[in-house]
Amino acid sequence: MIIGLDVGGTNTDVVLLNDEGIVRQVKVPTNQTDLLHSVWMGLEEVTRDIPPESIHRAVLSTTLTTNCVAECKLTPVGMIVSSGPGIDPECYRTGEHYFAVAGSIDHRGREIQPVDAAEIEAIASRLRSEGVRHVGVAGKFSIRNPKHELQIEEILGSDFDYVILGHRISGNLSFPRRIATAHVNAAVYPTHKRFFEAVRDSLARKGFTFPIYVLKADGGTISFDTALDYPGQSILSGPAASVMGSLPFASDAEETLVLDVGGTTTDMAVLIRNAPLLDPVGIDMGGFKTLIRALKTQSIGLGGESVVRIADGALKIGPDRQGPAMAYGGPAPTVTDALFVLGQLSGGDVDAARRGLTPLAEKMGASVEEAADRIFDHACKTIMRAAADMIADVNSKPVYTVHELLDGYQVKPTEVLVLGGPAPYFAMRFAALTDFHVTVVPQWQVANAIGAALARTTCEITLFVDTERGIASIPEEAYYQPIKKDFDREKAIELAYEMLRQKALRFGAEPGDLDVELLEDVEFNMVRGFYTTGRIIRVRVQIKPGLIHQYRSIAGMLTSYCPIGARS
Amino acid sequence: MLRAKHKTGLVFFPAFDWAISPTHPEREERLLYTQDQVFEEGVTDIDGVFEFKPDIATVQDIRRVHFCVPDEWKVITESHLISAGGAKTIGISVMEKKVDRGFALVRPPGHHAMRVVHGARGFCNINIEAIMIEYLRRKYGVNRVAIVDTDCHHGDGTQDIYWHDPDTLFISMHQDGRTLYPGTGFHYELGGPTAIGSTINIPLPPRTSAEGFLYVTENVVRPILDEFKPELVVNSAGQDNHYTDPITNMLFSAQGYARLTELLQPDIAVLEGGYSIEGALPYVNVGIILAMAGLDYSKVQEPDYEPEKIKQSRDVTRMIETVSGQIMQYWGKRREYHEKSMNSGKEFSDRDRSVYYDTDDIMETQKERIRICPDCSGVVRIDSSTDSGRRILAIRIPRKACKKCSELGYEWCEAGASEDFGGIYLQDAVRDQYFAHKKN
């Protein structure tokens, strides 16, 4: 059996799955000030009376690191950046302990200016004396040649709790994002480590020794140990959990829009032939633009518990949430209250909902029922508009070859999967408003936890080959090897796949679950003075986000499972 | 956090799958390192910098500018439509105020493409700036436009297209034509008989450095622009004046290009040449983008940048000062020259010339006739033949043509039918129409 746990803003959902479907599902309120308690409550509840040896793995998706960043509860980090010519590295200052140092590598990975060892030693001793225990090192073009970052790491020695090197984070270009990502990883490191070690220890005390995986923002998992080294990967895993939970229900051939209607927000994502679309660069959050691999998601401040008001004569929903719906004792009218008035929801105080909507109805010059209908309609239309904007954004992504531009591939979803608390009601209205084929994800209330449970291990690598310089490098894997002149594209792809497999297994993938994909594969002849002097080959491969094979069969069974005691 | 002072749009289209030939300077690899640098610097993440996907220009867009012989598809590839489309995208974004300024980092280039196109010249097939400008004129009613060509080679194609247009100021600064392709662009080339003073050429001696480029920008280009008062300033931003460029002899730098851009304040910049693909382009382009966005570019330097080593000699300085003085004198007297030309008593002005298409090895001979019209810039008739035996008639009725010039254009067209032309083409810029009649 396997466990999936997803900490949400309001509730923490946990499921225990076996080959036949959901064995148990648990919902506990999330205590944002003590996430460990919430996680532990959930795990304890779901494993109650279950023999420890029958559980094979647990995947956790938490808001821990997201909260650290959002609430600026970050550990002081020493950032050492070497930029060389270009935009002034001061523009990317991450805080007090930020040092722009000597050292420069160019776009081909050639050393332009060496590292000044004395300068780094001075910074190291300063950081030590100021009690800074966590360090990030980022060099411009370090992914083309990690030499300087490695030298700096060596000079820093073993005195620090954590040193993260920019080139290990991602093979993507962007020096500012490399700085930000190294910083975020180092800044959440101690909190993340404390938390997960506490979870592991608590489980061990109860005799549970199953491997723990952490869900990442790209909808894939990584092993507990890998997650400790790259804690930033778990930022914003929440939306990914829901998307993965919807995956079993997307049809194979189509492009699908996934809408997760929550209390405060609606999160959107796109599936293309059953694989989620990834963000081309990395997560943007809380002012940090990063290289953290993530699903392409869009979030709007409109959910079931968004406050409804009339502003300047127009209906306005959200982006704030002041509490639950008035029907559940909340302070202000919400979209959920409109659903109560429309008779779509029950089990709450309909009169309170009506009371809440009455002043709005008066301002609108409509009956309370009409007002409720317009509110709900407005909410659905706003969500669909935002979804259309997101798809337009995906389609406006620049391409750099004549072939791709003329090919003009456009994402045009024909299907919508809806999940989240009020999913069925929204789904019906979406269907009425659009031509989409709209489906409610079965088990929509715990789809997120199911998604976490079933997600496979993912990773990506980028291989750069420069035959003129005689080098092949995979920065994330600290792979930097000489190659012969005849090294070609075929060999490059083969090498990339091999290294990807090794990395995936190290990250905790099952050998049968390596669904590889070639993301980028380009080759350039280098011509100097009318002669071809070499080739530049770039290959990017990934393990696609998806569901673990072993449990794929249970997807069908989830459809027929009827949850008991779930709150609508 | 970095925030652009001027909202700046970028189109980046390196055409990674297109080359003139595998070892040609205009090949797939040309913007590879520039892309690396631009991406690594995180330029498109800067608040206020927007990257757009290029539009694809249409055949109609080309027909506003060129006579393609025998037709458009025989002289272009899709890549040219994207390159011109990229320039158009930036023009549209500026006109629609999505951005304050924009830079189309596209290839292939276009500034050697003239009005009549039999093939490729100087790596150019169609003039991407002119295609953009004529589109903007048609769509948004833009009238006065200035083009400042800072490529190392004389922008002879753009000059040719706007030679007879008093509403388009074309200024080119370039390495002296006696020392470099295409061998034209002398300071006395000032525009056709109805548009004298709307073409300005600033030939610069070999080994001109930043000092010289910035001197002419401040002392020639800026004052002329300020007097001309264009609605739009377009920069044909070639980057082959760089001290590492393999096919030219100048000493310009990334710092210098950025400063020039800052002085010029172009609304739209369009990449032209530049073939030092590793040592110059990555840095020059980042410098230009930052300067356009109004951001600090002081640390954008080539790895081997040593300003002392690329200083121009005193001789060079003196030559530049002399030619600048002469140009400003011409500019001061342009109205006088114009009067004289218009009152010459001739109804038509003729010129014969040869145009060599180096890339495609075609020699073209043109007989051009323009009507010296008191009411408009005059209808133009071009009798063009090539050494491959092709002969065509091309007639252009200008944008603000008077009734008489319009009628004459159509009369010439009809009269041409009885002559030995393989094709007759007519551009009617008043009605935005194009007619092509091919005999064979």
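The values are calculated or read from the model by the stated rules, or taken from the named source; none is laboratory data. Please read all numbers here as calculations on a predicted model, not as lab measurements. Every residue, glycine as well, gets a Cβ built from its backbone with ideal geometry; the counts of neighbours run over all protein chains shown. Just the protein is used for accessible areas: all its heavy atoms, side chains included, with ligands, DNA and RNA removed. Shrake-Rupley method; radii C 1.70, N 1.55, O 1.52, S 1.80 Å.
Entry for segment A:413-568 at q = 0.13 Å⁻¹: log10 I(q)/I(0) = -0.76, Debye formula applied to identical alpha-carbon scatterers, no solvent contribution. Distant-in-sequence amide contacts of A:Gly78, defined by a placed amide H-H separation under 5 Å and a gap of 5 or more residues or a different chain, comprise A:His134, A:Val135, A:Gly136. A straight Cα-to-Cα reach below 29 Å connects B:Lys403 with the lysines B:Lys139, B:Lys229, B:Lys340, B:Lys346, B:Lys367, B:Lys438, B:Lys439, residues fewer than 8 places away in its own chain not being considered. Across chain A, C-alpha contacts under 8 Å between residues 6 or more apart give a mean separation that, scaled by the residue count, equals a relative contact order of 14 percent.
The Cα-based radius of gyration and maximum Cα-Cα distance (Dmax) for segment A:460-543 are 13.8, 50 Å.
For A:Val446, no residue 5 or more places off, or on another chain, has a built amide H under 5 Å of its own. On a 0 to 90 degree scale, rounded to 10, what angle separates helix A:237-246 from the longest Cα axis of chain A? On a 0 to 90 degree scale, this one is about 60.
Net charge in the neighbourhood of B:Phe12 (other residues with Cβ under 11 Å of its Cβ; Lys, Arg +1, Asp, Glu -1) is +1.
Pairs exceeding 23 Å between alpha-carbon atoms, taken from A:Lys381/B:Lys98; B:Lys97/B:Lys299; A:Lys289/B:Lys7: A:Lys381/B:Lys98; B:Lys97/B:Lys299. Relative to one another, the C-alpha centroids of segment B:292-340 and segment A:392-449 are positioned 55 Å apart.
Across all directions, the shadow cast by the convex hull of segment A:77-177 built on its C-alpha atoms averages 5.6 square nanometres. The alpha carbons of segment A:90-148 give a radius of gyration and a Dmax of 12.5, 37 Å, in that order.
Semi-axis lengths, largest first, of the ellipsoid equivalent to segment B:44-189 are 24, 18, 15 Å, with √(5λ) applied to each eigenvalue of the Cα gyration tensor. Scaled against the 2.2 N^0.38 Å expected of a compact globular protein of N residues, the Cα radius of gyration of segment A:351-433 reads 1.61.
Measure nothing fancy, just the Cα-based angle from helix B:128-140's long axis to the longest principal axis of chain B, in degrees from 0 to 90, nearest 10. Taking Cα atoms only, the helix is inclined about 70 degrees. Placing pseudo-labels 7 Å out from each Cα toward the beta carbon at A:Ile310 and A:Gln481 gives an inter-label distance of 7.1 nm. For segment B:218-304, the calculated P(r) over all alpha carbon pairs, in 5 Å bins from 0 to the bin holding the longest distance, is 3, 15, 25, 24, 19, 10, 4, 1 percent. What fraction, in whole percent, of alpha-carbon pairs in the protein assembly as shown exceed 46 Å separation? Pairs farther apart than 46 Å: 40 percent. When Lys and Arg each count +1 and Asp and Glu each count -1, what net charge do the other residues less than 12 Å away from B:Asn201, Cβ to Cβ, add up to? Neighbour charge sum, excluding B:Asn201 itself: -4. Computed over protein heavy atoms with a 1.4 Å probe, the accessible surface of segment A:77-177 works out to 33 Å² per residue. Mean separation of Cα pairs under 8 Å and 6 or more residues apart, divided by the residue count, gives segment A:460-543 a relative contact order of 38 percent.
Summarising the amide proton neighbourhood of B:Ala104: residues at separation of 5 or more, or on other chains, whose placed amide H is nearer than 5 Å comprise B:Val11, B:Ala269, B:Val270, B:Leu271. Mean per-residue shielding of peptide B:29-36 is 4, counting Cβ atoms of other chains within 10 Å of each Cβ. Positive end of the dipole of segment B:138-181 (Cβ unit charges, origin at the Cα centre): among B:Gly155, B:Gly141, B:Leu180, the Cα lying farthest that way belongs to B:Gly141. The residues packed around B:Glu134, meaning those with a beta-carbon under 12 Å from its beta-carbon, carry a net charge of +4 if Lys and Arg are +1 and Asp and Glu are -1.
Of the two radii for chain B, the radius of gyration is 0.96 times the Kirkwood radius, both from the alpha carbons; that is the Rg over Rh value.
Between A:Glu517 and A:Asp389, what is the FRET efficiency for a Förster distance of 41 Å, r being their Cβ-Cβ separation, to the nearest 0.05? Given R0 = 41 Å and the Cβ-Cβ separation, E is 0.90.
With protein chains left intact and a 1.4 Å probe, residues in segment B:3-334 average 29 Å² of accessible area per residue.
Only Lys, Arg, Asp and Glu carry charge here, each on its Cβ (+1 for the first two, -1 for the last two); on that basis segment A:77-177 has a dipole of about 400 debye about its Cα centre. Computed about the Cα centre, the dipole magnitude for the protein assembly as shown is approximately 1200 debye when only Lys and Arg (+1) and Asp and Glu (-1) carry charge, each at its Cβ. Note on segment B:142-261: Kirkwood hydrodynamic radius from all Cα pairs is 14.1 Å, rounded to one decimal.
If you split all Cα-Cα distances of segment B:345-438 into 5 Å bins from zero, what percentages do you get per bin, shortest first? P(r) over segment B:345-438, rounded to whole percents: 3, 14, 23, 22, 19, 12, 6, 2, 0. Interface size between chain A and chain B, please: total buried accessible area, 1.4 Å probe, rounded to the nearest 100 Å². Using a 1.4 Å probe on protein heavy atoms, the buried area is about 3700 Å².
Against chain A, whose longest principal axis comes from its Cα atoms, helix A:175-205 is set at around 60 degrees. Relative protection proxy for B:131-139, A:391-399, B:403-411, from highest mean packing down: B:131-139, B:403-411, A:391-399 (other beta-carbon atoms within 10 angstrom).
For segment A:77-177, the share of DSSP beta bridges that are antiparallel, to the nearest 5, is 10%. For chain B, adding -39500 (n - 2.57) for each run of n ≥ 4 DSSP H residues and dividing by the number of residues yields -9000 deg cm²/dmol at 222 nm.
Structural size metrics of chain A, computed from C-alpha coordinates, are Rg and Dmax of 25.3, 83 Å. Taking the DSSP beta bridges with both ends in chain B, the antiparallel portion is around 40 percent. Stokes-Einstein diffusion of segment A:242-454 at 4 °C, 1.567 mPa s viscosity, Kirkwood radius from Cα pairs, rounded to a whole number: 71 µm²/s. Indicate, rounded to the nearest 5 percent, the antiparallel portion of the DSSP beta bridges found entirely in the protein assembly as shown. Here the share of antiparallel DSSP bridges comes out near 55 percent. Residues in segment A:373-498 average 40 Å² of solvent-accessible surface per residue, probe 1.4 Å, ligands and nucleic acids excluded. The share of Cα pairs per 5 Å bin across segment B:76-127, counted from zero up to the longest distance, runs 4, 22, 25, 20, 14, 10, 4, 1 percent.
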